[in-house]
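Beneath this line is the structure, given in structure tokens, with notes to follow.
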Amino acid sequence: MAAASRHYCDHNATTELRPVAKAALIAALDATGNASSVHTEGQRQRGRIEDARRLVARLLGRGPADVTFTSGATEALNTLAQPTEAHRHLFLGATEHAALRDGHRFGDAVTILPVDNEGRVTTASLDEAFAALPDAQRNAVLVAVQAANNETGVIQPLDALAAIVKARGASLLVDAVQAAGRLPLAPLMALADALVLSSHKVGGPAGAGAIVYGTQDARFLPLIRGGGQERRRRAGTENAAAIAGFAAALEQAAAEQPAEAARLNTLRETFENAVRAIPGAMIVGQNAERLPNTTCVLLRGIAAEKALIAFDIAGFALSSGSACSSGKVTASHVLTAMGFDTASARSALRISFGWSSTEATCEALCAAFPRIAQNLSPEKVHAA
Ligand code: PLP
């Protein structure tokens, strides 16, 4: 029998729509007009988009001309990860999102940057990757390293990595999708030649995202060509409503970030203390700096898909933290890159709190998690 009350703990997959975003979205949806039209209706939509652009730019410490709106982070990352005159080779962190791993167009001109056991790209691995390239190619490199991982929450040492990228004259692409609202964004932007954000991860609607360029924007090419929208960086009629909702959500997420990081950290610590009491359970990346909202737990010997169903029936929306198609969880490339064997990598559960998570949700999860995990344990199942 399904549980009466639901507890949503999958905010890294998508988070609930913020009321401010909903209001901005509805106001723009109620209006008509194409932002490229000269008439009053069109110019009102243009105004909404340009207000949103100024807002996003201000939050990132850049100018409005540096912001390109896209349909989401996947499109933004696909756009940036194309070979150009300036970028002939791609260095890719081993734990990057599929939008980059499978979405880049560099063919074989790719070097995967290995991560340590805690999931961090090391400066040594970046130095080695540069050293392995012929001298003439070293400044024609695009280095893509995420700010924080969606499965484990592990934060990358971007200050140190960016210093190496800069010294080599290469470019740095930062996927800040999971960092937004959880870490300060302007310091990340200061390191990046291009930074990527997604609306639905910060409490805006799906269907919008942004590329924010640093000083080297001429090094990148558009992906979608046609009309002259977005300063010829991204053709196609803008999704004014989603863009307005996105900017409103990001503004609130950024304003609340310091207090929210502390609040989420308390929820996560409370939950992780409950997990630590479960025999055999392991928290992934626990010795690294992590996002305040994310926990990846290995329940050894328990297939993630079974656990997900048991938690769902009990009223908890969790994630396997790995690729899940047709209900079958495959080993997470993030965990295998961190050195976990396939069986362990298939037993990972991700719990991610967000702006609408409450203490009550955390308490319910702390009470249910050990009980459900122990009921699923191989010993228990075999004894039954
Ligand atoms: N990058 C990271 C780290 C993500 O977690 C996600 C979504 O899960 C994406 C990129 C893709 O974002 P979008 O859903 O906006 O395409």
* Out of the range 59-100, which residues are more than 23 Å from Ala140 (Cα to Cα), more than 16 Å from the ligand (Cβ to nearest atom) and either out of contact with any helix residue (DSSP H, G or I) (no Cβ under 7 Å at 6 or more places or on another chain) or open to solvent by 10 Å² or more (accessible area, probe 1.4 Å) (or both)? -> Leu59, Gly61, Arg62, Gly63, Pro64, Ala65
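To keep it simple, each residue is scored yes or no on (1) modelled with pLDDT under 95; (2) farther than 30 Å from Val56 by Cβ; (3) not aliphatic (A, V, I, L, M).
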residue	(1), (2), (3)
Ala242	no, no, no
Gln252	no, no, yes
Pro258	no, no, yes
Phe271	no, yes, yes
Pro279	yes, yes, yes
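Run down Val165, Val115, Val202 and say which single residue is open to solvent by less than 10 Å² (accessible area, probe 1.4 Å) and out of contact with any Phe, Trp or Tyr (no Cβ under 8 Å at 6 or more places or on another chain). Walk me through how you get there before you give the answer.
Numbers: Val115 fails: open to solvent by less than 10 Å² (accessible area, probe 1.4 Å); Val202 fails: out of contact with any Phe, Trp or Tyr (no Cβ under 8 Å at 6 or more places or on another chain).
Just a single option satisfies the conditions, and that option is Val165.
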* Structure fact -> The correct count of residues that are open to solvent by 10 Å² or more (accessible area, probe 1.4 Å) and more than 16 Å from the ligand (Cβ to nearest atom) in the range 171-199 is 6
* Name the pairs whose Cβ atoms lie under 6 Å apart, with the first residue in the range 285-298 and closer than 11 Å to Ile351 by Cα and without any contact (Cβ under 8 Å) to a residue 40 or more places away in the chain, the second of a type in the set (A, V, I, L, M) and in a loop (DSSP other than H, G, I, E, B), and 6 or more positions between them or separate chains? -> none
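Could you list, in sequence order, the residues of the range 1-44 that are of a type in the set (Asp, Glu) and either in contact (Cβ under 8 Å) with a residue 24 or more places away in the chain or open to solvent by less than 60 Å² (accessible area, probe 1.4 Å) (or both)? Write out each step before concluding.
The first filter runs over the range 1-44 and keeps only residues of a type in the set (Asp, Glu), leaving 10, 16, 30, 41.
Of everything in the range 1-44, those that are of a type in the set (Asp, Glu) and either in contact (Cβ under 8 Å) with a residue 24 or more places away in the chain or open to solvent by less than 60 Å² (accessible area, probe 1.4 Å) (or both) turn out to be Asp10, Glu16.
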* To do: Give the range 227-269 a look and list any residue that's open to solvent by 70 Å² or more (accessible area, probe 1.4 Å), more than 13 Å from Gly181 (Cβ to Cβ) and assigned to a helix (DSSP H, G or I), or say none.
  => Arg231, Arg232, Thr266
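The values are calculated or read from the model by the stated rules, or taken from the named source; none is laboratory data. Because the structure is predicted, anything quoted here is derived from the model rather than measured. Cβ: placed from backbone, ideal geometry, glycine included. Neighbour counts: every protein chain shown. Note: accessible area is taken over every heavy atom of the protein model, side chains too, but ligands, DNA and RNA are not part of it. Shrake-Rupley method; radii C 1.70, N 1.55, O 1.52, S 1.80 Å.
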